[in-house]
Amino acid sequence: MRIWSYLLIILVFSSCSEVKKKMIRTKKVEHQSFLINLGHTYSEVENNVSFPIWFNDTLVKNRKIKSISRHIFPPYDGSEADKQIPIETKSYQFDEKGEVLKFEVDRFYEYVKVGSLTFDYLAAKDEYGYSPVQISNTTEKNEIADQFSIFEKEEYAEKFLVYKGQESGDYLFYLKNKANWGGLSVDSILRPTPNDIVVFGTPMKPNKSYQVENTVNEFNVVKYNYSKGDDFLLKQEINKFPFHTLRSIEYDDKGQCVGFIDSTFSGEKYLTRRNSRFIFEKGLPVKLIHESKSNNAEHGFIQVEEFVYEFMENNKK
């Protein structure tokens, strides 16, 4: 009888241990809201200025941020002097609601400004993140402005959103409903040309972006993977022939985004890895350090980006 009691105790403790292990394995990390929209920033779509959704406007409003300046330094291989001179500054001005009022780009060569471009926003973002914008000031317009895209709102319908490129005349399509995310539906509803861009989802939450030829031949494909429940971006898969890049968004055990890793391949051949890490002060990112290293290289390169904030006069934080 005593032996059976011991066995029962062992089984109970064993069962409790297994339950605890299972709870630890299945514990869900609750992601925290992040200032930077990584689905729109640090990628090609960042230069689509018609969607000023680079930052979380709720956090901008709550922290009473008046402006953010991103100072981007050239890559260097270890010499501190090499990275002290910025090559580009991107500045964003906000209103009290966290809406972007103005976006400015300045280019430098050894502290001398060699080009600048200013975008003014004419209205607050609509429900999909779109805002009409115009260029108000520029120097060397052809060199800088050509790197940015401006789209005009063409049509909003139940199934889709349509924007037209101001310079190119090409279309940017969004198919909002998952039921229409098939090749036949895309062709019958939108009839895109190879120069048009088709996106499944919305500007605020894209699921897939691509171009298509002959209805089925997709190219320049970008896929997005989100966490279940809270819809935080976890991964991006970018296929731009002949390169294939996998981006993994990194979160700490508290759910705070701490950076991202880009691994680039050509076919099956691994080419480079870029590890990007944020440094924080008072809950805001103040620096982003990119460390790049190619396959079999002994030493890599570092590129630093610094964030400078200006706050509203009544900000007490």
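The values are calculated or read from the model by the stated rules, or taken from the named source; none is laboratory data. Note that this is a predicted model, so its numbers are computed, not measured. Methodologically, a virtual Cβ is constructed for each residue, glycine included, from the backbone with ideal geometry; neighbour enumeration extends over all protein chains shown. In case anyone asks, the SASA skips ligands and DNA or RNA and just uses the protein heavy atoms, side chains included. Shrake-Rupley method; radii C 1.70, N 1.55, O 1.52, S 1.80 Å.
List every residue whose amide H lies under 5 Å from the amide H of K176, counting only residues 5 or more places away in sequence or on a different chain, with H placed 1.01 Å from N in the peptide plane.
Counting only residues 5 or more places away or on other chains, the set is F160, L161, G201.
How big is the dipole moment of the chain about its Cα centre under a simple scheme where the beta carbon of each Lys and Arg is +1, that of each Asp and Glu is -1, and everything else is neutral? Debye, nearest 20, please.
Here the chain has a charge dipole of around 1860 debye.
Enumerate the calculated ³J(HN,Hα) couplings along the stretch 92-104 in order (Karplus 6.51 cos²θ - 1.76 cosθ + 1.60, θ = phi - 60°), each rounded to whole Hz, writing x wherever the residue is Gly or Pro.
Computed from phi, the couplings for the stretch 92-104 are 10, 10, 10, 8, 5, 8, x, 7, 6, 9, 8, 10, 10 Hz.
Output ³J(HN,Hα) for the stretch 194-209: one whole-Hz value per residue in order, computed from phi by the Karplus curve 6.51 cos²θ - 1.76 cosθ + 1.60 with θ = phi - 60°, and x for Gly and Pro.
Ordered by residue, 3J(HN,Hα) equals x, 7, 7, 10, 10, 10, 8, x, 10, x, 6, 9, x, 10, 7, 10 Hz.
Excluding ligands and nucleic acids, what accessible area in Å² is computed for H244 using a 1.4 Å probe, to the nearest 10?
For H244, solvent-accessible area is about 40 Å².
Where does each of L101, L288 land when they are ordered by accessible area, with a 1.4 Å probe and the largest first?
Sorted by accessible area, descending: L101, L288.
Pop out the ³J(HN,Hα) list for the stretch 258-272 in order, Karplus 6.51 cos²θ - 1.76 cosθ + 1.60 with θ = phi - 60°, rounded to Hz; leave Gly and Pro as x.
3J(HN,Hα) across the stretch 258-272, in whole Hz: 10, x, 7, 10, 10, 10, 10, 10, 10, x, 9, 8, 6, 10, 9.
For S185, what accessible surface area do you get with a 1.4 Å probe? Give it in Å², rounded to 10.
It works out to around 30 Å².
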